[in-house]
Each structure stands twice: as structure tokens, then as C-alpha cells.
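Visitor: Pasting in a structure now, in C-alpha cells, and then I'll have a few things to ask.
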Amino acid sequence: MHREHIRATSCWRNNAPRFDCVFIKHEVAHESSFHPPFDIARVFMFFSFIFEGKRYECALVHWFEWTSEQPDEDTGMWIVSHSIGKDALSIVPVQRIIRAAHLIPLFGRDKVDAHISNVNSLDEYHFFYVNKYADHHAFEMLHS
């Protein structure tokens, strides 16, 4: 079994916040078969609660949306953007989280501002490549 740490903390190593991105299984099958069978989200909080004697482990996530029905022609990677509107945030059961996802900002042609770092790039940019080259498992998930 594989285990990995997915972090959602306002103070990582006594420094800046860290809110990791993840692959999340669809709750129900999507009508479109063009996209992968999962979504991308950024985890802002893990929490649990007990209701009628049963413990529920959950995550508060901010969704990303697929920008196209196929991967980028030049890179072979899918592109996502921040979801906006009333459904941009959700609470999901942690059992739906598949694994961590690595997003690469779509930098464009402009020079990258000096204030942008790994800490704030997910907030500063609007479009991201879903990195299928991060590791073998990510490649297998995104390549099919």
C-alpha cells in the first residue's frame, strides 16, 4: 500500500501556508467522457465530526475546472483553472481523495514577478498544467 502526506495548514514549518492539490474521484459519473474520471481540487482543511455515533472524515476543497476536452497539444498535459461561483468550495469525504496532484502554473510569455514563489503561485496564476510527468502513477492516471 502506498501512503503520502497531503497537507492543509496555515503555517507550514513555522513559515507560510501550504494547501496541497489532489485528485478526487467523481461522486457520480459525468456525462462527458472526454475528461479523466476524477477532478482536481486544493485542500484547505481536514476535519471530522460525529453524527449519530458515526465518525465522518472530510476535507474542505476548492475545485479546479478542466479548460478543454483534451490535453494540451504541445505538452500532452491537461489544463485546469480555478473554479469560481457558489460551487467553487465543497466538503468531500476523504475516501474520495485518490492522491496528491502537482500543478504547474501556465506562465505565459511575461516575466515571472519576483514576489511569486511556491507559496503563492496557486493564488497568483489562473491556469495550470496538471503534471502527468511528476511520477509513474500520475502518468498512468493522466495518460489513458
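Just so it is clear, none of the values below were taken in a lab; they were calculated from the coordinates. Please read these numbers as outputs of a predicted model, since none were measured by experiment. For neighbour counting, all protein chains shown are included, and Cβ atoms are generated from backbone atoms with ideal geometry for every residue, glycine included.
Visitor: About its Cα centre, what dipole magnitude does region 8-143 give when the only charges are +1 on Lys and Arg Cβ and -1 on Asp and Glu Cβ, stated in debye to the nearest 20?
Guide: Charge dipole, region 8-143, about its Cα centre: 580 debye, nearest 20.
Visitor: Amide H neighbours of F127 under 5 Å, at least 5 residues apart or on other chains, H built in the peptide plane: list them.
Guide: Residues meeting the amide H criterion: L106.
Visitor: Right, here's the next one. Under a straight-distance cross-link criterion of Cα-Cα below 24 Å, which lysines are reachable from K132, leaving out those fewer than 8 residues away in the same chain?
Guide: Partners within reach: K25.
Visitor: Counting other Cβ atoms within 10 Å of each Cβ, which trypsin sites (Lys or Arg not before Pro) in region 91-127 have at most 10 and sit in a DSSP loop? Mind dumping the intermediate values first?
Guide: Values: sites: R96, R99, R109, K111; in loops: R109, K111.
Hits after loop and neighbour filter: R109, K111.
Visitor: Continuing with the same structure: Cut-off under 16 Å on the C-alpha distance; same-chain residues fewer than 8 positions from K111 excluded. Which aspartates and glutamates are left, in chain and number order?
Guide: E124
Visitor: Mind sorting M77, M45 by how few other Cβ atoms lie within 10 Å of their own Cβ, fewest first?
Guide: M45, M77
Visitor: Please name which of S68, C21, V80 has its Cα lying farthest along the dipole of the chain towards the positive end, using unit charges on Cβ (Lys, Arg +1; Asp, Glu -1) and the Cα centre as origin.
Guide: C21
Visitor: A further question on this structure: What's the ranking of 52-59, 37-44 by average number of surrounding C-beta atoms within 10 Å, highest first?
Guide: Ranking the peptides 52-59, 37-44 by packing returns 37-44, 52-59.
Visitor: Moving on. Shape verdict for region 74-144, please, from the Cα gyration tensor: rounded (a/c under 1.5), prolate (a/b greater than b/c) or oblate. Each step should come with its number before you reach the end.
Guide: On the way: a/c = 1.91, a/b = 1.18, b/c = 1.62.
Note, shape of region 74-144 comes out oblate.
Visitor: So, counting K/R as plus one and D/E as minus one, what does the shell of residues with Cβ under 15 Å around V92 add up to?
Guide: Here the count lands on -1.
Visitor: Give me Rg over Rh for the chain, both radii from the alpha carbons and Rh done the Kirkwood way, two decimal places.
Guide: Checking Rg against Rh, the ratio lands at 0.97.
Visitor: Counting Lys and Arg as +1 and Asp and Glu as -1, what is the net charge of the other residues whose Cβ lies under 12 Å from the Cβ of Y129?
Guide: Local charge sum for Y129: -1.
Visitor: So, one more: Based on the mean of other beta carbon atoms within 10 Å per residue, what is the order of 100-108, 18-26, most packed first?
Guide: 18-26, 100-108
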